[in-house]
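The values are calculated or read from the model by the stated rules, or taken from the named source; none is laboratory data. Nothing here was measured: the structure is a model prediction, and the numbers come from that model. Note that we place each Cβ from the backbone using ideal geometry, even for glycine, and neighbour counts take in every protein chain shown.
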Amino acid sequence: MTLIKIKSKVLLVFLSIVVLFICFLIVKNYLTDKQIVEKATVIGEKYFIDNYGVEVEFVDSQVMASYITTRVVLYGYIVGKEEDKIKISLDYRDFEVTGTGIPLDLKKIGE
């Protein structure tokens, strides 16, 4: 074998390892994001029942990169009133609610 063929094979093996590593990181981050969204969903549903007396359905989510902010935002609607959009933001380090977006006519229980 010539030196060029050996270098080509070594480069190919190296690039294959890099691609596999990147794929592993993507899958790992997806699973982590999925776990964050699952936990936040349970907390978000309970938050809306406890504070507003409504059931909600979350249909979308956004997990922010931790180097930007440690927030997860869930987007959805009030069950039975699909036109009433809601959202909730939580810090995924401790899953404390950091904000909500609700329809103007929705009031907290006791207000």
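Using the structure shown, decide if residue 59 is at negative phi, β-branched (Val, Ile, Thr) and under 14 Å from the mean Cα position of the chain (by Cα). Here the answer is yes, as residue 59 does meet what is asked. Listed by first and then second residue, the pairs linking a residue in region 99-111 that is without any contact (Cβ under 8 Å) to a residue 12 or more places away in the chain and small (Gly, Ala, Ser) to a residue that is surrounded by 10 or more Cβ atoms within 10 Å (Cβ to Cβ) and assigned to a strand (DSSP E or B), with Cβ atoms under 6 Å apart and 6 or more places separating them unless they lie on different chains, are 99/89. Does at least one position in region 55-67 carry a residue that is polar (S, T, N, Q), surrounded by 13 or more Cβ atoms within 10 Å (Cβ to Cβ) and outside any strand (DSSP E or B)? Within region 55-67, none of the residues are polar (S, T, N, Q), surrounded by 13 or more Cβ atoms within 10 Å (Cβ to Cβ) and outside any strand (DSSP E or B). Filtering 107, 5, 81 for residues that are surrounded by fewer than 10 Cβ atoms within 10 Å (Cβ to Cβ) and among the charged types (D, E, K, R) leaves a single hit, 5.
For (1) under 14 Å from residue 36 (Cα atoms); (2) not in a strand (DSSP E or B), each residue gets a yes or a no:
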site	(1), (2)
74	yes, no
84	no, no
87	no, no
90	yes, no
93	yes, yes
98	no, no
103	no, yes
106	no, yes
109	no, yes
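Checking each residue in region 55-111 for being of a type in the set (D, E, K, R) and touching a Lys or Arg at 6+ places or on another chain (Cβ under 7 Å) picks out only 91.
Just wondering, is there one or more residues in region 73-88 that are within 15 Å of residue 43 (Cβ to Cβ) and in contact (Cβ under 8 Å) with a residue 40 or more places away in the chain? Within region 73-88 (the criterion being within 15 Å of residue 43 (Cβ to Cβ) and in contact (Cβ under 8 Å) with a residue 40 or more places away in the chain), the answer is yes, since at least one residue qualifies.
Quick one: in region 20-37, which of the residues that are among the aromatic types (Phe, Trp, Tyr) and over 14 Å from residue 65 (Cβ atoms) is modelled with the lowest pLDDT? Looking at residues that are among the aromatic types (Phe, Trp, Tyr) and over 14 Å from residue 65 (Cβ atoms), I get 24.
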